[in-house]
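Here is the structure we will look at.
The values are calculated or read from the model by the stated rules, or taken from the named source; none is laboratory data. Note that this is a predicted model, so its numbers are computed, not measured. Every residue, glycine among them, receives a Cβ derived from its backbone with ideal geometry; neighbour counts consider all protein chains shown.
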Amino acid sequence: MPRGRRGEVRALPLTGEWVQAPSGTNSANGLVATPDGRGLIIVNAGQLYRVDLRTGHATKVALQGAPDVAGGDGLVRLGRTLYVVQNRLNKVTVWDLDRKATTATLTRTITDPRFDVPTTAARYGDRLYLVNARFTSPQTPETTFNAVAVSL
């Protein structure tokens, strides 16, 4: 979170390679700190970006092993491992980040038949908990929602 001298939250205009998604489409979603704490990793329109906290300069993270992170939504980072929740694809892709978080290498994909458009995740212990948004299900007062736990 960009903070001013007195700790107040400040706006950080994004520049560089950042491409703002058109209105009405999924734009910036997941947000985590880089392993060195000097930047942010943001998923936007199927791409990962590394954003410098001082300047707002964004550069695309080079992806190895997959062309994009389509439907990227929630992000969880543990050390140099990045988990990307790809909502409508019902999967979580697992990436190994290089030291500066400028390159991410796909190491595996997590799927589960209980996924129903997972949108965000949190880690607790050796599990990843994902909230099912159920965007493809009729939204009625009787519609139930849940979270799914998968092993890391």
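All of ARG54, ARG99 fail the test of being surrounded by fewer than 16 Cβ atoms within 10 Å (Cβ to Cβ), farther than 29 Å from PHE135 by Cα, free of Cβ contacts under 8 Å to residues at least 24 places away in the same chain and not small (Gly, Ala, Ser), apart from ARG54. Inspect all residues belonging to the range 79-94 and state whether any of them is under 10 Å from the mean Cα position of the chain (by Cα) and surrounded by fewer than 16 Cβ atoms within 10 Å (Cβ to Cβ). No, there is no match, as no residue in the range 79-94 is under 10 Å from the mean Cα position of the chain (by Cα) and surrounded by fewer than 16 Cβ atoms within 10 Å (Cβ to Cβ).
Whenever a residue of the range 20-44 is of a type in the set (Ser, Thr, Tyr), its partners that are assigned to a strand (DSSP E or B), lying with C-beta atoms within less than 9 angstrom and at least six residues away or across chains, give the pairs SER27/ASN44; THR34/LEU40; THR34/ILE41; THR34/ARG50; THR34/VAL51; THR34/ARG77; THR34/LEU97. Restricting attention to the range 106-139, and to residues there that are of a type in the set (Val, Ile, Thr) and farther than 15 Å from VAL69 by Cα, which single residue is modelled with the lowest pLDDT? The residue in question is THR136. Being surrounded by fewer than 19 Cβ atoms within 10 Å (Cβ to Cβ) and among the aliphatic types (A, V, I, L, M) is a property that holds for ALA28. When the range 1-55 is limited to residues that are among the polar types (S, T, N, Q) and part of a loop (DSSP other than H, G, I, E, B), the one that is nearest to ARG77 (Cα to Cα) turns out to be THR34. For the range 56-102, filtering for residues that are more than 24 Å from LEU12 (Cα to Cα) and not in a loop (DSSP other than H, G, I, E, B) leaves 16. When you check GLY72 against the structure, is it surrounded by 16 or more Cβ atoms within 10 Å (Cβ to Cβ) and closer than 20 Å to GLY39 by Cβ, yes or no? For GLY72, the condition - surrounded by 16 or more Cβ atoms within 10 Å (Cβ to Cβ) and closer than 20 Å to GLY39 by Cβ - is met.
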